[in-house]
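The values are calculated or read from the model by the stated rules, or taken from the named source; none is laboratory data. Everything quoted here is computed from the prediction, not taken from an experiment. Note that we place each Cβ from the backbone using ideal geometry, even for glycine, and neighbour counts take in every protein chain shown. Areas reflect the complete protein model, heavy atoms only, side chains present, ligands, DNA and RNA absent. Shrake-Rupley method; radii C 1.70, N 1.55, O 1.52, S 1.80 Å.
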Amino acid sequence: MISRNRRLRTNESIRSLVRETSLTTNDLVLPMFVMEGGNKKEAISSMPGVFRQSLDLTVQTVKENYDLGIKAVNLYMKVSDHLKDNTGKESWNPDGLMQQTIKAIKDAVPEVIIMPDVALDPYSIYGHDGIIKNGKIDNDSTIEALVKMGISLAEAGADILAPSDMMDGRVLAMRQGLEENGFTEVGILSYAAKYASAFYGPFRSALDSAPVDAQEIPADKKTYQMDFHNSREALDEVLRDVEEGADIIMIKPGMPYLDIVSKVRELITQPIAVYQVSGEYAMLKAAAQNGWLDNDKVLIESLTSFKRAGADMIFTYAAPEVARLLNY
Ligand code: PBG
C-alpha cells in the first residue's frame, strides 16, 4: 500500500492540521423573538432553551452574546392580535415593536449587526407573508408593503434587511426603495431559496403566526415558498436575487437542504447564509433531552456540516451555547 488515509488521522494534532473547514463564533447569527412589555421572558416549549423576551431583556441578551463573540442578530416580533390585519400596516409603524427594538439595540450595542426579518406573517391575521386579494396572495401589493416596512426598519437603524417572504421581485423593489431614501449602506440578505417546509412548526407556535385557512387559500405557504422536490428552481431563485441586488443569499432550512447549499456555492461568489430552523433545533434538543444524542457534539457536527457544504454564516437558535462551547 502506498497510500494510507489513516496516517493523517493518527492524533488530534495532525487531524487539526489537515482540517478543511472550521466553525467559529464569527459564523453565527442569533435569531431572537421579541414581545411587548417589560421584564418578561417566556419559554417556548418546543424549543428548549429559547425564549420570547420583552425589549429590555432582549437588549441585555444581545449584549451578553456580543461578549461571547456573536456579532449579528436576526429579529422576529410577537405581534399582539389587535395590531394584526390583512395589510400588515403595523410593520411600518415607526413606533412599532420592531422599530423600537432596533433603536434600543443600536443604542446599547452599536457594533452589533441588526438583521430584522422582513415579512408580513407576524402582522397578518391570516399568518401569511402576503396580502390577500381576490382569494390570492397578491405579489405586487405585498411588495409595496414590504418596501415600506424595509424603509421603516432602515430608518430605525437596521444594518441588513432580511426579506423572508418569497414574493417575486421584492429584492429589486427593496433595493430601489433603500437607494431612493438615502439608505445606500443598508444591505439585503435575501431568503432566496426558502422551501415550504414542515420544519418551521416550532417557530410558528413561538410567534403564533401559523397560516390559517383564509378565503380560498389553504393553510400553507406553497404558492410562494418553494416545493421541496426541486433544486434547479433554487438556483434560479438565487441568481435572480443576486441580479436584483442581494448582498447575501440565504438557503433555508439547513440540514435537509445541504445539497442546495453545495450547488449554490458552486454558482455564486456572494456570501451564503444557512438557517438551522426551529424544527431542526427542536429535533436535536428532543433527542438530547432523552439522552439519545450528545447535545454538544451533534450541535457542533450539524453546524460544521453547513460550513463544509459552503455556508459563510449560520443562523441558529443554539448560537449562545455553541459560542460557549467554542470559547471554552
Ligand atoms: C416568516 C419566517 C419563518 C421562518 C423565518 N421567517 C416561518 C415561515 O416562513 O412560515 C422560520 C424560521 C424557523 O423555523 O426557525 N417569514
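Taking every alpha-carbon pair in the range 171-278 and binning the separations at 10 Å intervals from zero gives 14, 39, 33, 14, 0 percent. Here the range 232-328 has 51 percent of its accessible surface on carbon and sulfur atoms, given a 1.4 Å probe and all protein chains in place. Taking every alpha-carbon pair under 8 Å whose residues sit at least 6 apart, the range 245-328 reaches a relative contact order of 35 percent.
Rounded to the nearest 20, the Cβ-based charge dipole of the chain about its Cα centre (Lys and Arg +1, Asp and Glu -1) stands at 1440 debye.
Of the two radii for the chain, the radius of gyration is 0.97 times the Kirkwood radius, both from the alpha carbons; that is the Rg over Rh value. The relative contact order of the range 90-213, computed from alpha carbon pairs under 8 Å that lie at least 6 residues apart in sequence, is 29 percent.
A full extension of the chain between Ser13 and Ile300 corresponds to an added length of 101.4 nm, given 0.36 nm per residue minus the alpha carbon distance.
Over the heavy atoms of Phe228, what accessible area does a 1.4 Å probe trace out, to the nearest 10 Å²? About 120 Å², rounded to the nearest 10.
Placing +1 on each Lys and Arg Cβ and -1 on each Asp and Glu Cβ, with no other charges, gives the range 145-208 a dipole about its Cα centre of roughly 260 debye.
Placing pseudo-labels 7 Å out from each Cα toward the beta carbon at Glu179 and Lys41 gives an inter-label distance of 4.5 nm. Here is the tail figure for the range 64-190: Cα pairs spaced more than 22 Å apart come to 33 percent of all pairs. What the chain shows is 46 Å² of accessible area per residue, with the surface traced by a 1.4 Å probe over protein heavy atoms.
Measure off, as a whole percent, the carbon and sulfur share of the 1.4 Å-probe accessible area of the range 1-52, all protein chains present.
C and S fraction of accessible area: 48 percent.
Here the relative contact order of the range 1-120, from alpha carbon pairs under 8 Å that lie six or more residues apart, stands at 25 percent.
Of Leu172, Ala196, Val186, which is farthest on the positive side of the dipole of the range 167-208, counting Cα position, with +1 on Lys and Arg Cβ, -1 on Asp and Glu Cβ, and the Cα centre as origin? In the range 167-208, that residue is Ala196. If R0 is 25 Å, the Cβ-Cβ spacing of Gln270 and Ile113 corresponds to a FRET efficiency of close to 0.95. All alpha carbon pair distances within the range 43-100 were sorted into 10 Å bins beginning at 0; the resulting P(r) in whole percents reads 18, 43, 31, 8. In the range 1-156, the convex hull through the Cα atoms has an average projected area of 14.8 nm², a quarter of its surface area.
The orientation-averaged projected area of the convex hull spanned by the Cα atoms of the range 115-155 comes to 2.9 nm². Mind running the shape call on the range 237-292? Use the C-alpha gyration tensor, a ≥ b ≥ c as the square roots of the eigenvalues: rounded below 1.5 for a/c, prolate if a/b tops b/c, oblate otherwise. Prolate, since a/c reaches 1.5 and a/b exceeds b/c. Positive-end ranking of Met32, Tyr275, Gln99 along the dipole of the chain, with charges on Cβ about the Cα centre, is headed by Tyr275.
Rounded to whole Å, give me the distance from the Cα center of the range 21-52 to that of the range 255-328. If we compute the Cα centre of each part, the gap is 15 Å. Once the GluC sites (Glu not before Pro) in DSSP loops with at most 16 neighbouring Cβ atoms within 10 Å are cut out of the chain, the longest remaining piece is 217-328.
With each label modelled as a point 7 angstrom along the Cα→C-beta vector, the Arg6-Ala210 pair spans 5.1 nm. Just so you know, the averaged projected area of the alpha carbon convex hull for the range 176-226 sits at 5.5 nm². Bridgeable aspartates and glutamates around Lys285 (alpha carbons under 15 Å apart, same-chain partners fewer than 8 residues away excluded): Asp294, Asp296, Glu301, Glu321.
Counting only DSSP beta bridges with both residues in the chain, the antiparallel share comes to about 20 percent.
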